[in-house]
Structures are given as C-alpha cells and as structure tokens.
Amino acid sequence: MDRIELFRPIRHPLLAVLAGALIVTSASIAPLMAQQRRKPIPAVPNAVLQPNRSPLISFRILFMTGSAFDPQDKEGLAALTAAMLAEAGSRQMSYEQIQDAFYPMASDFDWQIDKEMTVFTGTTHRDNLDRYYSIISQMLLDPGFRQEDFTRLKADAINFLKVSLREANDEELGKEQLYNIIYAGHAYGHHNIGRLSSLERLTLDDVRAFYSQNFTRANLVLGLAGGYPRTFVGKVRADFNKLPAGKPSTAKFRAPTVAPGMRIEIVKRETISTAISLGFPISVNRSHKDWPALALITSYLGQHRSSSAYLYQRLRELRGLNYGDYAYIEYFPRGMFQFQPDPNLGRQQQIFQIWIRPVEPQNGHFTLRAALYEYDKLMRNGMTPDDFESTRQFLMKFVNILTATQDAQLGYALDSRYYKIKDFPAYMREQLAKLTLADVNRALRTHLKSDAMRVAIITKDAEGLSQAILSNKPSPITYNAPKPKEITDEDKVIERYQIAVKPENVTIVPVDRVFQ
C-alpha cells in the first residue's frame, strides 16, 4: 500500500444504520419509497437506508469509535485495527486474493478514521452485489488478523507519519500540528493514525482486543444506498447481528482547555516554503443553532478552493503572496488533494481555522500579519449586506454540490443522524433562508472572536521568524510588479501590525519531535 493511500480520500461512501429510520434525500426516488412503505422493510437497528433505482449499490458501514478511543500509550490502535479490516485478508481470503476478486468487479473497499467515527465504504454494480458483499462482510465480520498483514500495515502507518506527512507535506503537517497544539492533553490530542512512539509498541493482540471491544452492534450504524433487492437488507442485518452486542458509546468529549493569549509554535524543517495555520476552539458543531451562520461566515472568509473568497482575494489575487487562503469550522483533512470535504468526520468539538498555503519564507512574517489583520478587520466590521446575500445564495446552491453523488448523500445522512439534524441539504436551505445579516454578525462576534489564537508555522529559518515576530519590527514586502496605491497604502499598515505574543509563548520545535 502506498503511504499516501493510508490517508486517501474515500471514493465510494455509504452506510449507516439508524434506529428504524429511513432517510431519503432525492425526490426522484419518491415512488419507490411509497412502494417500500406499502411493504415494510424489517426493522434494522441503527441504519440509514436510501433505496433508489441506481444500478450501483453503495455501502457506508460506520462504527462509532475512532482515535479518541485509543487507550493511553496505544495511540494509533483504532486506525491500525481499521486498516486490518479494510486492507488485510479475511480468514477465508488473503488480501491478494481479495484484490484479485475486486478487480473484475471494478470495485474496492475503503476506510476512513476520525476521532469518533470509523467508516468503511464501497460501491459495486448490483450484478456483482452478492459476490462483493460476501467478501466485504467476511473482511469486517471474520477478519484474518494475519501477522504479515499487521507488519505491513503498521509499517505503513509509521511511514505515513514519519515520511509522507512529516517530511513531505508542510501544509497537512501544519494543519495537523495546529490540532495537536489546541488539543494537547485531550482525547483528540494525537493524529488519527497515532503517535510514532506508540505505534512501535502495538501488537496484533492489541488489535484483536480493540476489535472485540469497539466493533460491536451497539457502535454500528449501517448505511446502504442504491437499487439493492428488498431482501438484501434483512441479510445484512442478520449477518451483522453476529457482532458482539457491546454497549453504545456515551463518551462526552469536553472542550479543550486553552489559556488566554496568543501562542505560536514554529516547526523547524528543511523546506523551501512556509506554511501557516492558525485557529482556536469553538463551541459550535453542526448541531448548534449558530452553525449555519458560521458556515456562511467562513465561506465568505475562505471557502475552500474558491477564488472569490475574501482572504483569497486579499492575499493571493491582490498581492500574490501564496496559492491558497482558506477558513474552516470543521475538520477537513486531505484538503490539498480534494475540493470538497469528506462526510463522516463528525466531532463533538471543532475549531475555527485559517489555512495559508505555501508562502515564500521572506514573506512569512508579512503574510502572518496580513492574515491576522484581515481576521481582526472582519471581527470589527462584520459582513456587509451585499457580502451576506451573495454568500447565502452561493451556499444555497453549493449544498447540492456537496451531496451530488449517491455516496455523498448517504454520508451526509449519516452525519445528520449523528448531529440530530434534518437531512443536510434541506436543513441548510431552510436555515440559510431564515438567516439575517444581524444573525450572522452576532454569531461572528459570539463564536469567532477569541483572545486565545494558536498558530502553527512550518519553516526552515525558525529562529529568524521567531525573532522577527517578537521584535515586532516592520516587515515590508517587495513585489515583482507595481501594485495599486490602495494596496501599498494598506501594506504600510500591515507591515507594522502588532502581533501580541509574549516571548515565552513563541516556541521552536524540531520536526522530528512532531507526532512522537
């Protein structure tokens, strides 16, 4: 398995079971739904079912467990267990035999882990359903747990953290380190793949024990979409009833404890660019009444991969400082590889985050000042009526892009079950329609104004940048081409913008200590 593949985006999501609920998002499947209501489907506990006429059948088999459930000093165990289910053999088939069987079906089986969720996903044509399901159900219900698979996947996990992420991807490294800083001492406080020191100690017996304790019926939410036969649901239910009963997770994850004042951690690494991530915890997740307002604000400020967003316009389009400038209120891993976030990353706790993609090192101090300057300006001035309305209209349509595929609809339905909200597209359109500019600016000042900003920077000259930040000396910028007077006048303000941080709150960390 390629190292990046351990963290690859899910390509074929599906699945989740909900307490006797049936969730459907597309009006096109209404006639079939009516037929289903006339002939009740046997109750499937903890399932989200989306029957339709598609020839493709999508699975999202979700377990309410993840890296936040890693035992102390065994960080990475949840991820390694999930890998042993999705990228290793069953008792009946080796992983090579499974890959050979998937190939003519043009199907595969993926996995994704986050703090509180682990999801297994796959899509196959209905002509291959019986064979495909037979294989994936064996992988999940009767895993082989071979030593050779364990050795291979443990090495992949270690190499992912040590090589792919720590030595070759400054942008994702900076984002993940920001989470590590904010959640230090918290159950969220390590990378989903684990810690290097812990991974080295994990054993196959650890995996077997975690599987038995956490991959249970109580933690299972089965998601299924597509044109599957009516009898298929009953078969899946019967098969997964073989899992241990277990107890439903009642874990409550507290908000992280973050001391007032700005703190900056500079990770020193041999690299040609500088990556900047900054943010702080927020008390809002998708279940909060102010989440739609914050979603609108962050879309305006830094919609992912959107050239029309505010930060992108100010930092890249007008000044050419870097490639991308984005803002988020939910965890968005692998952002440099994809345009849309993956579903099934539900968390009780979230952060507000600004991500500044590669900056030339000589402009690092100015760019950090510019990001903080624009953030402060938004906090002071709020959104304008025109910005509010144009962003609301954008999001009304963008929600259709997020749920454009059968797999995405299923994933978002599972997330809506987790957050206890209506079906996501309908919920967002309804909430956005009711929002006012006053609502948004109130939410902005209530939830996004913080005196506890945390900053993670990846750069080569960590000492030089640290001294520049602490000295608060001007950081003038030089352009390769003339700029309008409006920009150069504003630059003179930005180059003297004071970053209020105490010397003891700026630290330098060698990259080889990250993820240890």
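Could you check segment 68-150 for helices (runs of 4 or more DSSP H) lying wholly inside it with 2 or more residues that are surrounded by fewer than 16 Cβ atoms within 10 Å (Cβ to Cβ) and charged (D, E, K, R)? Outline the logic, then answer.
Numbers: elements: 77-86, 95-102, 129-141.
In segment 68-150, the matching helices (runs of 4 or more DSSP H) lie at 95-102, 129-141.
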Within the bounds of segment 336-344, is there any residue that is modelled with pLDDT under 95, on the phi < 0 side of the Ramachandran plot and touching a Lys or Arg at 6+ places or on another chain (Cβ under 7 Å)?
-> yes
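Name the residue that is farthest from the chain's Cα centre (by Cα), counting only residues in segment 152-163 that are farther than 28 Å from ARG217 by Cα and not hydrophobic (A, V, I, L, M, F, W, C). If you could, list the steps in order and put the result at the bottom.
Residues of segment 152-163 farther than 28 Å from ARG217 by Cα: 152, 155-156, 158-163.
The next check asks that each one be not hydrophobic (A, V, I, L, M, F, W, C); those that pass are 152, 156, 159, 162.
Numbers: ARG152: 25, ASP156: 20, ASN159: 21, LYS162: 20 Å.
Checked segment 152-163; the qualifying residue farthest from the chain's Cα centre (by Cα) is ARG152.
Quick grid of which residues meet (1) out of contact with any Pro (no Cβ under 6 Å at 6 or more places or on another chain); (2) not aromatic (Phe, Trp, Tyr):
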site	(1), (2)
GLU96	yes, yes
ASP108	yes, yes
TRP111	yes, no
THR121	no, yes
THR124	yes, yes
ASP127	yes, yes
ILE135	yes, yes
LEU140	yes, yes
GLU148	yes, yes
Hey, any hits in segment 275-293 for a residue that's over 26 Å from ALA187 (Cβ atoms) and open to solvent by 30 Å² or more (accessible area, probe 1.4 Å)?
-> no
Quick one: what pairs do we get from segment 267-278, first residue under 9 Å from ASP461 (Cα atoms), second outside any strand (DSSP E or B) and of a type in the set (A, V, I, L, M), C-beta under 6 Å, 6+ apart or different chains?
-> LYS268/ALA462; ARG269/VAL511
Quick one: count up the residues across segment 299-335 that are under 16 Å from the mean Cα position of the chain (by Cα), open to solvent by 30 Å² or more (accessible area, probe 1.4 Å) and in contact (Cβ under 8 Å) with a residue 40 or more places away in the chain.
-> 1
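Of the residues in segment 322-335, how many are outside any helix (DSSP H, G or I) and farther than 21 Å from ASN363 by Cα?
Adding up the residues that qualify gives 7.
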Does at least one position in segment 133-148 carry a residue that is at pLDDT 95 or above and within 30 Å of THR459 (Cβ to Cβ)?
-> no
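Do we find that SER287 is touching a residue at least 60 places away in the same chain (Cβ under 8 Å), among the hydroxyl-bearing types (Ser, Thr, Tyr) and out of contact with any Gly (no Cβ under 9 Å at 6 or more places or on another chain) in this structure?
Details: touching a residue at least 60 places away in the same chain (Cβ under 8 Å): yes; among the hydroxyl-bearing types (Ser, Thr, Tyr): yes; out of contact with any Gly (no Cβ under 9 Å at 6 or more places or on another chain): yes.
Considered against the rule, which asks whether it is touching a residue at least 60 places away in the same chain (Cβ under 8 Å), among the hydroxyl-bearing types (Ser, Thr, Tyr) and out of contact with any Gly (no Cβ under 9 Å at 6 or more places or on another chain), SER287 comes out as yes.
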When you go through LEU410, LEU437, LEU414, LEU402 one by one, which is the residue that is touching a helix residue (DSSP H, G or I) at 6+ places or on another chain (Cβ under 6 Å) and over 30 Å from SER475 (Cβ atoms)?
-> LEU437
Of the residues in segment 425-451, those that are over 22 Å from THR405 (Cα atoms) and among the small types (Gly, Ala, Ser) come to ALA433, ALA438, ALA443, SER450
Matching residues, segment 158-201, being in a helix (DSSP H, G or I), surrounded by 22 or more Cβ atoms within 10 Å (Cβ to Cβ) and of a type in the set (Gly, Ala, Ser) = GLY174
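Mind checking whether some residue in segment 255-264 is in a strand (DSSP E or B), buried (at least 21 other Cβ atoms within 10 Å of the Cβ) and not polar (S, T, N, Q)? Can you show your working first?
Residues of segment 255-264 that are in a strand (DSSP E or B), as a first pass: 263-264.
Cutting the leftovers down to buried (at least 21 other Cβ atoms within 10 Å of the Cβ) gives us 264.
Next cut, not polar (S, T, N, Q) only: 264.
Yes, because at least one residue in segment 255-264 is in a strand (DSSP E or B), buried (at least 21 other Cβ atoms within 10 Å of the Cβ) and not polar (S, T, N, Q).
Of the residues that sit in segment 202-234 and are part of a loop (DSSP other than H, G, I, E, B) and hydroxyl-bearing (Ser, Thr, Tyr), which one is most open to solvent (accessible area, probe 1.4 Å)?
Let us first name the residues in segment 202-234 that are part of a loop (DSSP other than H, G, I, E, B), namely 202-203, 215-219, 227-229.
The next check asks that each one be hydroxyl-bearing (Ser, Thr, Tyr); those that pass are 203, 216, 228.
Details: THR203: 59, THR216: 2, TYR228: 20 Å².
Ranking the qualifying residues of segment 202-234, first place goes to THR203.
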Would you check which residues across segment 53-67 are more than 21 Å from the chain's Cα centre (by Cα) and surrounded by fewer than 24 Cβ atoms within 10 Å (Cβ to Cβ) and list them?
-> ARG53, SER54, PRO55, LEU56
Determine if segment 470-484 includes at least one residue that is part of a helix (DSSP H, G or I) and either surrounded by 14 or more Cβ atoms within 10 Å (Cβ to Cβ) or of a type in the set (Ser, Thr, Tyr) (or both).
-> yes
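The values are calculated or read from the model by the stated rules, or taken from the named source; none is laboratory data. Just so you know, these numbers come straight off a predicted model, no measurement behind them. FYI the Cβ positions are ideal-geometry reconstructions off the backbone, even for glycines, and counts take in every protein chain you see. Each accessible area value is taken on the protein alone, full model and side chains, heavy atoms only, with ligands, DNA and RNA left out. Shrake-Rupley method; radii C 1.70, N 1.55, O 1.52, S 1.80 Å.
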